[in-house]
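Asks: My questions all concern the structure below.
The values are calculated or read from the model by the stated rules, or taken from the named source; none is laboratory data. From a predicted model like this one, the values you see are computed outputs, not experimental measurements. A quick note on method: Cβ atoms are made from the backbone with ideal geometry, for glycine too, and the neighbour counts reach across all protein chains shown. These area figures cover heavy atoms from the full protein model, side chains too; ligands, DNA and RNA do not enter into them. Shrake-Rupley method; radii C 1.70, N 1.55, O 1.52, S 1.80 Å.
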Amino acid sequence: MKRDFCFYLVMFLVFVFGSDCFAQEQRKIKLTSQTLVVLRTTQHIDAEQFKVGTTVPLDVAVDVKVDDEILIAAGAPVMAVVDNAETEGMIGMGGEISVAIQSTTAVDGTVVALTGNLRAKGESEVGGTVAVGLILCPLALLNTGEPGIISGGSQMRAFTIGEYKILPRR
């Protein structure tokens, strides 16, 4: 009798609490690998201000939806890091900056790995600077090129790495 009672109690608990776990799992939606995520810069990014290894503020520009369910909301913060930063140089050399996109957060708190890169290269003035420097004035060789700048509000593409099961926002 005692054994039967324990058996029925365990079955009841599994039914009551286990069914909710199964129902929640069924509501999760699969975010597949290589899903497009549109990002935007939240401020002006240049090599003077951001050095290699510096975290860059980005956010998701457009909701990422699967089956009309939002899995990654617009405005979600994005983790990105400067992986190359060169200021403009002498003799008209242009600057350059490159940002590697790493991850964002889904609506249920799942961290979603991303891949992508944003790069800007300043205009080089080497040819004109050397010509003017050799013909007219050697001081022209002190001229610098344009800095590499990523404007605030610039949009870029990133893609998800791996598959995720995400509980969509209601």
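Asks: Determine the pairs where a residue that is aromatic (F, W, Y), located within region 34-60, has a partner that is open to solvent by less than 80 Å² (accessible area, probe 1.4 Å) and part of a strand (DSSP E or B) with Cβ atoms under 9 Å apart, the partner being 6 or more residues away or on another chain.
Replies: Qualifying pairs under 9 Å: F50/V56; F50/V82; F50/A85; F50/I97; F50/V99.
Asks: Applying the selection to region 34-63, what residues are more than 15 Å from the chain's Cα centre (by Cα) and part of a loop (DSSP other than H, G, I, E, B)?
Replies: H44, A47, E48, Q49, F50, K51, V52
Asks: Only one of V107, V82, V132 is surrounded by 15 or more Cβ atoms within 10 Å (Cβ to Cβ), at negative phi, outside any loop (DSSP other than H, G, I, E, B) and at pLDDT 85 or above. Can you tell me which?
Replies: Going through V107, V82, V132 in turn, just one is surrounded by 15 or more Cβ atoms within 10 Å (Cβ to Cβ), at negative phi, outside any loop (DSSP other than H, G, I, E, B) and at pLDDT 85 or above: V82.
Asks: Of everything in region 155-170, what is surrounded by 16 or more Cβ atoms within 10 Å (Cβ to Cβ) and of a type outside the set (A, V, I, L, M, F, W, C)? Give them in sequence order.
Replies: T160, Y164, P168
Asks: Can you report the number of residues in region 32-53 which are closer than 13 Å to I150 by Cβ and not basic (K, R)?
Replies: 11
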